[in-house]
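Values in this text are rule-based calculations from the coordinates and carry no lab data. All of these numbers come straight from a predicted model, not from anything done at the bench. Here the Cβ positions follow ideal geometry from the backbone for every residue, glycine too, while neighbour counts run over all protein chains shown.
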Amino acid sequence: MGELRPLALDLTSEARALATVLRELFEGLEISVRRYAARRLRDAGTFSRYLNGTRVPPWEVVMDLLTDVAEHRGTAATPEAIELVRRLHRAAVETSSSPRHAVEVLEQQLAEADRVSRRSTARGDALGDALLDRKHRIADLEVRLNQLEAEWSAERERADRLAAANPDLTDLLRERDQLQGEVARLSLQVHEAQKQRDEAEDRCALLERQLDAVEQVQQTAAAVRAAPCQVMPKILIVDDQPNNLLAMTAVLSTLEQELVAVSSGQEALKALLDHDDFAVIIMDVQMPDMDGYETAAHIKHRPRNRDVPIIFLTAMGIDPEHSARGYAAGAVDYIAKPFDPWVLRAKVAVFTRIYLERRVSGDRYSG
C-alpha cells in the first residue's frame, strides 16, 4: 500500500480528471499512501481507491489534502486552484454511479440529523430542569404570599403592623411576576426544542429508509419488473434549466416510472391539475417569476396536492438558513447540486413505495 496504484481503466473522463489532479497533489507530499492514511486516521485501501479514480472522495478529504500540501510547500493554495479542484470534484460526483458513494452521503445526512436530535433532546432536558426549578420557586413564593394574605385577612386590625413587619412583600410580588415571565419563556423554548427533536427524528427515520433503498436497489427493481400489472405513479421534475431537466430525466429513467418534466412553477401547478398520481415532486429552488419556495406554498394550499412530497434540488448549498426555509415551505428533503444519482434515485424510490403502500391500503379500505 506504499505506492500509488495505476489509474483504473474504465473511468469516466470526469473521474479520471479528478484522480489525476489528486495524484499530482499527493505526490507533492513525498510520502507513502499508508503513511498519509495513518496521519489522517483513514483507511489506506480506501484512500488508494480515491487516488486511482475508482472512488470519488468526500469533499472534506480533498480539502484535507489541499491543506496538507500547502503546509508541506509553505504556500497556500490560491482561490483559483481550489475552485478548479471543486469543479472537477462536482463533475466527478455528478457522473458517479457508485451505490457505496450514495450510502456515504446518506449516512452523513443521517449522522447530522441524529446530532440535531440528540442536541435538541439535551437542550429540552436542560430547559425542562430550569422550568421545573422556576415552578418550584413560584410555588414557594405563592405559599409565602398566601400565608401573608391569610394573616392579613384574619387580623385586619394588625394590617399596618404586619405591613411594617414585612416590608419585602412588594419585592416578593415582583420576584413572583419575574419568575412567571421566565416560566412562559422557558415553556416556549421547551416546546421549540421538542419540535426540533421530533423533526430531526422524522428525518432520521426517512434517511434510514433511503439507506435501505440504496442497499436494496437491485431487489426493488426486480420486484417492479415482476409486477408489470401494477400502475406506477408519476414523478414531477421542475427546473428552468434544460440541461438539469435532461440530467434528472436520465438519472430517474431507470425507475420505470413516467417522468413529467416542466420548466417553471406555473407549469408545475398546471401539471398537478392535469394529473393526480404523482408520487413525488423534485423542484429547483432558483427559478424566475416563481421560485421553488413560492411554488411549494401554492401546492401546499391545494387540498388535492398538499400531501405530495416535495424534494428541493438547489445549487445554493445546504446551510441552516436555506434548509430551514425549504422545510418551512413544506419540503420533505433538501438536496444540494451536484447531486449523487444513487442518492436521488433512493429518495424517489422511498416515496414511490410509500405512495404504492397508501394506494393499496386505500383500495383495501374502500373494498
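Phi-derived couplings, Karplus 6.51 cos²θ - 1.76 cosθ + 1.60 at θ = phi - 60°, listed residue by residue for segment 7-14: 4, 5, 7, 9, 7, 6, 4, 5 Hz, with x used for Gly and Pro. Residues whose amide H lies under 5 Å from that of Ala261, counting only those 5 or more places away or on a different chain, are Ile237; hydrogens are built 1.01 Å from N in the peptide plane. Each Lys or Arg adds one and each Asp or Glu takes one away; over the other residues whose Cβ falls under 13 Å from the Cβ of Arg90, this sums to -1.
Net charge of the neighbourhood of Val190, taken over other residues with C-beta under 11 Å away and scored Lys/Arg +1, Asp/Glu -1, is +1.
Its convex hull of Cα atoms gives segment 1-95 a direction-averaged projected area, equal to a quarter of the hull surface, of 5.5 nm².
With R₀ set to 41 Å, the beta-carbon distance separating Asn146 from Ala111 gives a calculated FRET efficiency near 0.20. Sequentially through segment 38-52, phi angles give Karplus couplings (6.51, -1.76, 1.60; θ = phi - 60°) of 5, 4, 9, 6, 10, 6, 5, x, 5, 5, 5, 5, 4, 7, 9 Hz, Gly and Pro residues having no value and appearing as x.
Counted residue by residue at 0.36 nm each, then reduced by the alpha carbon distance between them, the extension gain from Asp274 to Glu83 reaches 64.4 nm. The distance between label points at Ala38 and Arg304 comes to 6.7 nm (points 7 Å beyond Cα on the Cα→Cβ vector). Summing charges over all other residues whose Cβ lies under 11 Å from the Cβ of Gln286, with Lys and Arg as +1 and Asp and Glu as -1, gives -3.
Working note: Debye formula, equal point scatterers on the alpha-carbon atoms of segment 241-367, no solvent; log10 I(q)/I(0) at q = 0.11, 0.20 Å⁻¹ is -0.38, -1.28.
In this structure, the pairs whose alpha-carbon distance is over 20 Å, taken from Lys195/Lys337; Lys270/Lys347; Lys234/Lys270; Lys234/Lys300, are Lys195/Lys337; Lys270/Lys347. Most tightly packed first, judged by the mean number of other beta-carbon atoms within 10 Å of their residues, the peptides 300-306, 202-208 read 202-208, 300-306.
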